[in-house]
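K.L.:
Okay, here's the structure, questions in a sec.
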Amino acid sequence: MSATRVKIVQDEPPVATANGTKPVKRNTTELAYAELRRRIIESELTPGSYMLEQELGLMLGFSRTPIREAAIRLQGEGLVQIVPRHGIRIVPTSISDIRNIYQVLISLESTAASLIASNKGVDITPLVTACEAMSAAYERGDMLAWAAADEVFHETLVALSGNTRLQSVVMNCRDQVHRVRRFTQMVKPHPQPVKSVQEHYGIIDAIQCGDAAKASALYRAHRERGWRDQTSVLQQFGIQQA
């Protein structure tokens, strides 16, 4: 990880409460939580590594207290583990947990594809635009932009389903899936980026033809292939349990 000059964010002067305690400014803790969580989800912090509160504070630009409070919150989310005398451990991704999440996603997203195909009034232009963005990113060799456009495709498809409850459940799973994808993309190039775009267009064609069953089946096959590719990378690098 390249060194980055950071600006140290000082806690605002504490304000005494009725019982005489001096709490850290809540906004500072929220900022520390958001930045630490972002770096974990983006795999900027190595899964399985240990970091001291002071080390994280210097890296992120916060004092130890908001880092400690952020870590407690993230431990509740299963993203870190606070280990006495060792610091804060970045919890690795569990293959079994991600498999369970993908089973939910594949089922719901396939349903979303069939719902769109059954509704002739849905404008699927955003799906085509996302595919075009993926192709353009690939041609210029920008795989980060390719991956971002790929996520836009999947998120847009779910949104176009018109089922807000389905969308809510899928979005709750997004961070864990994004974390796995970011890790696998960092350690190994996507094996079939062109094929992925082609499969997207196949799903779009089925939707345009109003073939709900085909759209659902193609989407399921597409996601299952992606999961197999990611599982292979996780196993190759020994990321098999939390």
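K.L.:
Tell me, yes or no, whether segment 130-140 has at least one residue that is free of Cβ contacts under 8 Å to residues at least 24 places away in the same chain and within 21 Å of the chain's Cα centre (by Cα).
P.N.:
Yes, segment 130-140 contains at least one residue that is free of Cβ contacts under 8 Å to residues at least 24 places away in the same chain and within 21 Å of the chain's Cα centre (by Cα).
K.L.:
Given SER135, SER110, SER94, which one is over 23 Å from GLN192 (Cα atoms) and either among the hydroxyl-bearing types (Ser, Thr, Tyr) or in contact with a Gly (Cβ under 7 Å, 6 or more places away or on another chain) (or both)?
P.N.:
Numbers: SER135 fails: over 23 Å from GLN192 (Cα atoms); SER110 fails: over 23 Å from GLN192 (Cα atoms).
On inspection, the qualifying residue turns out to be SER94.
K.L.:
Surrounded by fewer than 15 Cβ atoms within 10 Å (Cβ to Cβ), at pLDDT 95 or above and assigned by TED's automatic domain parsing to the domain that holds GLN230: is that true of THR111 in this structure? Let's see the steps before the verdict.
P.N.:
On the way: surrounded by fewer than 15 Cβ atoms within 10 Å (Cβ to Cβ): no; at pLDDT 95 or above: yes; assigned by TED's automatic domain parsing to the domain that holds GLN230: yes.
So THR111 fails the test.
K.L.:
Mind checking which residues of segment 187-215 are in a loop (DSSP other than H, G, I, E, B) and closer than 18 Å to VAL152 by Cβ?
P.N.:
Within segment 187-215, HIS190 is the sole residue that qualifies.
K.L.:
Please work out if GLU155 is in contact with a Phe, Trp or Tyr (Cβ under 9 Å, 6 or more places away or on another chain) and surrounded by fewer than 20 Cβ atoms within 10 Å (Cβ to Cβ). Full working, then the answer.
P.N.:
Values: in contact with a Phe, Trp or Tyr (Cβ under 9 Å, 6 or more places away or on another chain): no; surrounded by fewer than 20 Cβ atoms within 10 Å (Cβ to Cβ): yes.
When the stated conditions are applied, GLU155 does not pass them.
K.L.:
Still on this structure: Please find, within segment 75-91, the residue that is farthest from SER43 (Cα to Cα) out of those that are more than 22 Å from the chain's Cα centre (by Cα) and modelled with pLDDT under 90.
P.N.:
Checking each candidate, the answer is ARG85.
K.L.:
So for segment 205-228 (the condition being β-branched (Val, Ile, Thr) and within 18 Å of the chain's Cα centre (by Cα)), does at least one residue qualify?
P.N.:
No, segment 205-228 has no match at all.
K.L.:
May I pose another question? Using the structure shown, decide if ARG99 is surrounded by fewer than 20 Cβ atoms within 10 Å (Cβ to Cβ), more than 21 Å from ALA217 (Cβ to Cβ) and not hydrophobic (A, V, I, L, M, F, W, C). Full working, then the answer.
P.N.:
Working: surrounded by fewer than 20 Cβ atoms within 10 Å (Cβ to Cβ): yes; more than 21 Å from ALA217 (Cβ to Cβ): no; not hydrophobic (A, V, I, L, M, F, W, C): yes.
In short, no.
K.L.:
Filter segment 66-104 down to the residues that are touching a Pro at 6+ places or on another chain (Cβ under 9 Å) and in a strand (DSSP E or B) and list them by number.
P.N.:
ILE90
K.L.:
Would you check if there is a residue in segment 192-201 being within 27 Å of ARG38 (Cβ to Cβ), more than 16 Å from the chain's Cα centre (by Cα) and either of a type in the set (Val, Ile, Thr) or surrounded by fewer than 18 Cβ atoms within 10 Å (Cβ to Cβ) (or both)?
P.N.:
Taking every residue of segment 192-201 in turn, at least one turns out to be within 27 Å of ARG38 (Cβ to Cβ), more than 16 Å from the chain's Cα centre (by Cα) and either of a type in the set (Val, Ile, Thr) or surrounded by fewer than 18 Cβ atoms within 10 Å (Cβ to Cβ) (or both).
K.L.:
Quick check on THR184: is it in a helix (DSSP H, G or I) and over 28 Å from GLY48 (Cα atoms)?
P.N.:
In short, no.
K.L.:
Also, I was wondering about something else. Quick check on my filter: what residues within segment 46-59 are surrounded by fewer than 19 Cβ atoms within 10 Å (Cβ to Cβ), at pLDDT 90 or above and not charged (D, E, K, R)?
P.N.:
Once the filter is applied, which keeps residues that are surrounded by fewer than 19 Cβ atoms within 10 Å (Cβ to Cβ), at pLDDT 90 or above and not charged (D, E, K, R), segment 46-59 yields SER49, TYR50, LEU52, GLN54, LEU58.
K.L.:
Residue pairs, Cβ under 8 Å, 6 or more apart or interchain, first in segment 37-63 and at positive phi, second part of a loop (DSSP other than H, G, I, E, B) and surrounded by fewer than 17 Cβ atoms within 10 Å (Cβ to Cβ). List them.
P.N.:
Partner pairs satisfying both residue conditions: GLY61/VAL6; GLY61/LYS7; GLY61/ILE8.
K.L.:
Of (1) in contact with a Ser or Thr (Cβ under 9 Å, 6 or more places away or on another chain); (2) assigned to a helix (DSSP H, G or I), LEU157 satisfies all except one. Which?
P.N.:
Among (1) in contact with a Ser or Thr (Cβ under 9 Å, 6 or more places away or on another chain); (2) assigned to a helix (DSSP H, G or I), the lone unmet condition for LEU157 is (1).
The values are calculated or read from the model by the stated rules, or taken from the named source; none is laboratory data. Quantities reported herein were computed from a predicted structural model and do not represent experimental measurements. A quick note on method: Cβ atoms are made from the backbone with ideal geometry, for glycine too, and the neighbour counts reach across all protein chains shown.
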